[in-house]
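J.: Take a look at the following structure, please.
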Amino acid sequence: MQKIPYKALRENSEYSLPECCRRWRSLPLVFLACGIAFGLMYGYFAKKGTLAMSNNNKNITLPEHTKDCVPFYELLRKHASANTGNRKSSQTKLSLLAAYAYPDYAVVTLEADGWYGRKVYCRYFDRKWKELSPVESMVFPEFVVHCCRHPLAYYMSISEQKHEETDFMVPVLDRIDNPPPYGLSLCLAPFYGNDSKWLLLVELVEHYKLQGVEHFYFYLKEVDDYSRKLVNDYVKGGEAELVRFSREQDRPLRNWQHVAVQDCIQRSRHHSRYTIFSDLDERILPLKDNRLVDYVARTMIKDAALGMLELKPKLIQRTRDAPTVYEGAGTLLNHLPTLVFHTTMAVAPRGHGARRILDTKRVLLMQNHKLLVYFPDYVGLVAPADEAVVWHYVDAAASNSSSLAEVGSSDPLEIVSYPEKLGEQLFRNVQARLDYVYRINY
């Protein structure tokens, strides 16, 4: 066998190639040259196409009124004329929350209350803040303005006059993905007041994660500093997104829930296939399926006309105050709601604190506790009490049992328990999260 010196291998690679392969040794150079040529050609034509597209977009003109661009404008007009969902609130200063671009239209949501039915103008701005043509619209439902979709709009605003100066605008959020990025999400009622919220929050999020919820929408008016650490941790981890309300104190704090409901219908539309609307002290439990996501998908897909699934609550008496700080596993053993509260009333009548899971593409208007308008051909379904239920913790002592009294204080008490296997996993997940956030070392 011929010995080939290392120097020869380094200086003349043909020593290492069989005869049949040497003739192809220049192929890499050929491929490289072709690749460079292709790249230059692609760049040239792509740039040319982009410029052509840009020139075409500059000529885009929108209608003067949303009646000519919003596909369901007549439905909006009909219900606005009928005062559907008008709370007749006092008018506050005009302020915005968000803007969403859907495939066929756009929406801007407001913080401002009391603007129901008012004529306003959708204002559009490109990526360089240059204004595009305004379009006339109206506020309906409450806190919602439907607009034409402009492909060049990066920011939007709302004004009373067509050409008045606007000193506030919001970025347009893309909501045209199909299918949406999430299968099941949860819109949480706003945080307000300074009572401790961290324990209810961590139990809620970790419970619903076990049930297949993939994303959470948080709304914040005010929250205690200790709970804020937990809120921020969920947001930083990408499990939740946080919508902060302005600091204006221009209405009762509980009224911010009306804003959150209307915005979250829009925020989750085309962003989540199904969306739960829930308060901090509520937990939905499927009674036959393993996970809530499986129950929702099976039920909603079974009937193509379903836009809403309504679930009845069980009212569970909360007999002690929530702790203000976390001090390890002992805190959970003494205070974790699913572990320590078991005494309930009978299932409440329909409409009493019922919770809803929506396909938000099929729902036009829902208020806090009542669905008012579906898009055409869609309906709702009340879930049988033996298939799924809402555990709703109520502080009987503090509220003088107002929720319980509405159901009837003579109703029989029940003792219920959170599913044991699920409860063990929930406890571990809650403990791990709190240990991390509040830096508990054992």
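J.: Restricting attention to region 344-385, which residues are modelled with pLDDT under 90 and not basic (Lys, Arg)?
T.: 344, 345, 346, 347, 348, 349, 351, 352, 353, 354, 368, 369
J.: Which of the numbered conditions does residue 298 fail, given that it passes all the others? Conditions: (1) in contact with a Leu (Cβ under 8 Å, 6 or more places away or on another chain); (2) part of a helix (DSSP H, G or I).
T.: Status for residue 298: all satisfied but (1).
J.: If I filter region 164-179 for residues that are of a type in the set (S, T, N, Q), in contact with a helix residue (DSSP H, G or I) (Cβ under 9 Å, 6 or more places away or on another chain) and either modelled with pLDDT of 95 or more or loosely packed, with under 12 Cβ neighbours inside 10 Å (or both), do I get at least one hit?
T.: Within region 164-179, the first condition is being of a type in the set (S, T, N, Q), and the residues that meet it are 166, 178.
Filter again for in contact with a helix residue (DSSP H, G or I) (Cβ under 9 Å, 6 or more places away or on another chain), leaving none.
No.
J.: Tell me which residues, restricted to region 310-328, are among the hydrophobic types (A, V, I, L, M, F, W, C) and in a loop (DSSP other than H, G, I, E, B).
T.: Matches in region 310-328: 322, 325.
J.: Among the numbered criteria (1) modelled with pLDDT under 90; (2) in a strand (DSSP E or B), which one does residue 290 miss?
T.: Among (1) modelled with pLDDT under 90; (2) in a strand (DSSP E or B), the lone unmet condition for residue 290 is (2).
J.: Could you look through region 216-237, keep only residues that are touching a residue at least 40 places away in the same chain (Cβ under 8 Å) and surrounded by 19 or more Cβ atoms within 10 Å (Cβ to Cβ), and pick out the one that is farthest from residue 99 (Cα to Cα)?
T.: So the residue we want is 230.
J.: Please indicate, with yes or no, whether at least one residue in region 228-237 is farther than 25 Å from residue 344 by Cβ, in contact with a Pro (Cβ under 9 Å, 6 or more places away or on another chain) and basic (Lys, Arg).
T.: Taking region 228-237 first, the residues farther than 25 Å from residue 344 by Cβ are 228-237.
Add one more test, that the residue is in contact with a Pro (Cβ under 9 Å, 6 or more places away or on another chain), and what stays is none.
No; the residues of region 228-237 include none that is farther than 25 Å from residue 344 by Cβ, in contact with a Pro (Cβ under 9 Å, 6 or more places away or on another chain) and basic (Lys, Arg).
J.: Additional query: Quick one: which of 424, 406, 420 is of a type in the set (D, E, K, R) and at pLDDT below 90?
T.: So the residue among 424, 406, 420 that is of a type in the set (D, E, K, R) and at pLDDT below 90 is 406.
J.: Next question, about the same structure. Return yes when residue 240 is surrounded by fewer than 22 Cβ atoms within 10 Å (Cβ to Cβ), closer than 18 Å to residue 278 by Cα, hydrophobic (A, V, I, L, M, F, W, C) and touching a residue at least 60 places away in the same chain (Cβ under 8 Å) and no when it is not.
T.: In short, no.
J.: Look through 202, 235, 261, 213 and report the one residue that is outside the structural domain of residue 114 (by the TED database), modelled with pLDDT of 95 or more, among the β-branched types (Val, Ile, Thr) and touching a Ser or Thr at 6+ places or on another chain (Cβ under 9 Å). Step through it out loud before you land on a result.
T.: Details: 202 fails: touching a Ser or Thr at 6+ places or on another chain (Cβ under 9 Å); 235 fails: touching a Ser or Thr at 6+ places or on another chain (Cβ under 9 Å); 261 fails: touching a Ser or Thr at 6+ places or on another chain (Cβ under 9 Å).
Of the residues listed, the single one that is outside the structural domain of residue 114 (by the TED database), modelled with pLDDT of 95 or more, among the β-branched types (Val, Ile, Thr) and touching a Ser or Thr at 6+ places or on another chain (Cβ under 9 Å) is 213.
J.: Filter region 290-320 down to residues that are without any contact (Cβ under 8 Å) to a residue 40 or more places away in the chain and not hydrophobic (A, V, I, L, M, F, W, C) and give me whichever is surrounded by the fewest Cβ atoms within 10 Å (Cβ to Cβ).
T.: Ranking the candidates gives 302 first.
The values are calculated or read from the model by the stated rules, or taken from the named source; none is laboratory data. Note that the structure is predicted; figures quoted are calculated from it, not measured. Positions of Cβ are generated from backbone atoms using ideal geometry, with glycine treated the same way; all protein chains shown enter the neighbour counts.
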